[in-house]
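J.: Quick one: structure below, then a few questions.
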Amino acid sequence: EAGVTQFPSHSVIEKGQTVTLRCDPISGHDNLYWYRRVMGKEIKFLLHFVKESKQDESGMPNNRFLAERTGGTYSTLKVQPAELEDSGVYFCASSQMLAGAEQYFGPGTRLTVT
Amino acid sequence: GEDVEQSLFLSVREGDSSVINCTYTDSSSTYLYWYKQEPGAGLQLLTYIFSNMDMKQDQRLTVLLNKKDKHLSLRIADTQTGDSAIYFCANREDTGRRALTFGSGTRLQVQP
């Protein structure tokens, strides 16, 4: 069974540009999460989808970030316009609906904004 | 908001035991986790413990939870070079939220 995949693995963009990150969860996982780790600090929660609906978006830093999960399968996270402080590693995770179900993480996308 | 804190770095010799410590502030934590991240890879769940437990052992891994002091530790017995990685402590609230709160990670370096 394929794990959580993320694309691209690394993106380098200039300040003010737009970047779209993609996450493909494990097949059959209704829960999808986005997290990010900035500058070697703690990994912070961004948001949680249940199927195509945003269940919890309390961690989204500002309105430059837009997450979508049309059709309840893969998800995209768009940053527009990117700022220097957006640099970091963006992780995606997915889990089954069972309470306490393990979150399986992807390898992350390293975003560098110059 | 809740905080999870860990020391940044730990170096041990191969064959020794490693103990990675974590403190947290959220007293409503129900699940506490240890994740491992190897270079270029995602986070791998190593083990977890429910808040009503004091200890959990799984092969070379022992998790100790002191709920009163909000302290969690991960002991790795007979540490191997393959254990070199970043270890993240995380917790989850006793609410409907599924968001995990992570620490900054402890980089474990195993010297041969």
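J.: For the list (1) assigned to a strand (DSSP E or B); (2) modelled with pLDDT under 90, I need the number of the one condition that B:Gly1 fails.
T.: Of (1) assigned to a strand (DSSP E or B); (2) modelled with pLDDT under 90, only one is false for B:Gly1: (1).
J.: I would also like to ask the following. Hey, can you tell me all the residues within segment B:8-25 that are in contact with a strand residue (DSSP E or B) (Cβ under 7 Å, 6 or more places away or on another chain), surrounded by 13 or more Cβ atoms within 10 Å (Cβ to Cβ) and in a loop (DSSP other than H, G, I, E, B)?
T.: Hit for segment B:8-25 is B:Glu14, nothing else.
J.: Looking at segment A:47-72, which of the residues that are under 18 Å from A:Ala101 (Cβ atoms) and surrounded by fewer than 16 Cβ atoms within 10 Å (Cβ to Cβ) is nearest to the other protein chains (Cβ to nearest Cβ)? Spell out how you get there, then give the answer.
T.: Looking only at segment A:47-72, we keep the residues that are under 18 Å from A:Ala101 (Cβ atoms), and these are A:47-51, A:53, A:55-56, A:69, A:72.
Cutting the leftovers down to surrounded by fewer than 16 Cβ atoms within 10 Å (Cβ to Cβ) gives us A:50-51, A:53, A:72.
Numbers: A:Val50: 9, A:Lys51: 14, A:Ser53: 13, A:Gly72: 16 Å.
Ranking the candidates gives A:Val50 first.
J.: Please specify each residue of segment A:64-78 satisfying the condition of being in a loop (DSSP other than H, G, I, E, B) and either touching a helix residue (DSSP H, G or I) at 6+ places or on another chain (Cβ under 9 Å) or modelled with pLDDT under 95 (or both).
T.: Just the residues of segment A:64-78 that are in a loop (DSSP other than H, G, I, E, B), to begin with: A:64, A:69, A:73-74.
Result: A:Arg64, A:Thr73.
J.: Let me ask something else about it. Assess whether A:Pro8 counts as being touching a Leu at 6+ places or on another chain (Cβ under 6 Å), more than 9 Å from chain B (Cβ to nearest Cβ) and under 26 Å from B:Pro39 (Cα atoms).
T.: Working: touching a Leu at 6+ places or on another chain (Cβ under 6 Å): no; more than 9 Å from chain B (Cβ to nearest Cβ): yes; under 26 Å from B:Pro39 (Cα atoms): yes.
So A:Pro8 fails the test.
J.: Counting only residues that are among the acidic types (Asp, Glu) and within 20 Å of A:Lys54 (Cβ to Cβ), how many does segment A:19-42 have?
T.: Applying the first criterion (among the acidic types (Asp, Glu)) to segment A:19-42 yields A:24, A:30, A:42.
Now narrow it down to the ones that are within 20 Å of A:Lys54 (Cβ to Cβ): A:24, A:30.
The qualifying residues number 2.
J.: Residues that are within 11 Å of chain A (Cβ to nearest Cβ) and either in contact with an Asp or Glu (Cβ under 9 Å, 6 or more places away or on another chain) or within 15 Å of B:Thr101 (Cα to Cα) (or both): which strands (runs of 3 or more DSSP E) entirely in segment B:26-66 hold 2 or more of them? Steps first, answer last, please.
T.: Numbers: elements: B:29-37, B:43-50, B:55-58, B:61-66.
Counting at least 2 such residues, we get B:29-37, B:43-50.
J.: Can you name every residue in segment A:79-103 that is crowded, with 22+ Cβ neighbours inside 10 Å, part of a strand (DSSP E or B) and either facing another protein chain (nearest Cβ under 8 Å) or among the basic types (Lys, Arg) (or both)?
T.: A:Phe91, A:Ala93
J.: What are the residues in segment A:7-22 that are outside any loop (DSSP other than H, G, I, E, B) and hydroxyl-bearing (Ser, Thr, Tyr), if any?
T.: Step one: filter segment A:7-22 for residues outside any loop (DSSP other than H, G, I, E, B), giving A:7, A:10-13, A:19-22.
Answer for segment A:7-22, where residues must be outside any loop (DSSP other than H, G, I, E, B) and hydroxyl-bearing (Ser, Thr, Tyr): A:Ser11, A:Thr20.
J.: Does segment A:62-80 contain any residue that is within 10 Å of the chain's Cα centre (by Cα) and polar (S, T, N, Q)?
T.: yes
J.: I'd like the full set of residues that are over 11 Å from the mean Cα position of the chain (by Cα) and crowded, with 19+ Cβ neighbours inside 10 Å, limited to segment A:13-28. Working first, answer last.
T.: Looking only at segment A:13-28, we keep the residues that are over 11 Å from the mean Cα position of the chain (by Cα), and these are A:13-19, A:26-28.
A:Val19, the sole residue that qualifies.
J.: For segment A:31-46, give me each residue that is more than 16 Å from B:Ala99 (Cβ to Cβ) and surrounded by 14 or more Cβ atoms within 10 Å (Cβ to Cβ).
T.: A:Val38 - this is the single residue of segment A:31-46 that is more than 16 Å from B:Ala99 (Cβ to Cβ) and surrounded by 14 or more Cβ atoms within 10 Å (Cβ to Cβ).
The values are calculated or read from the model by the stated rules, or taken from the named source; none is laboratory data. As the structure is a computational prediction, the values presented were derived from the model and not from experiment. Virtual Cβ from ideal backbone geometry, glycine too; neighbours counted across all protein chains shown.
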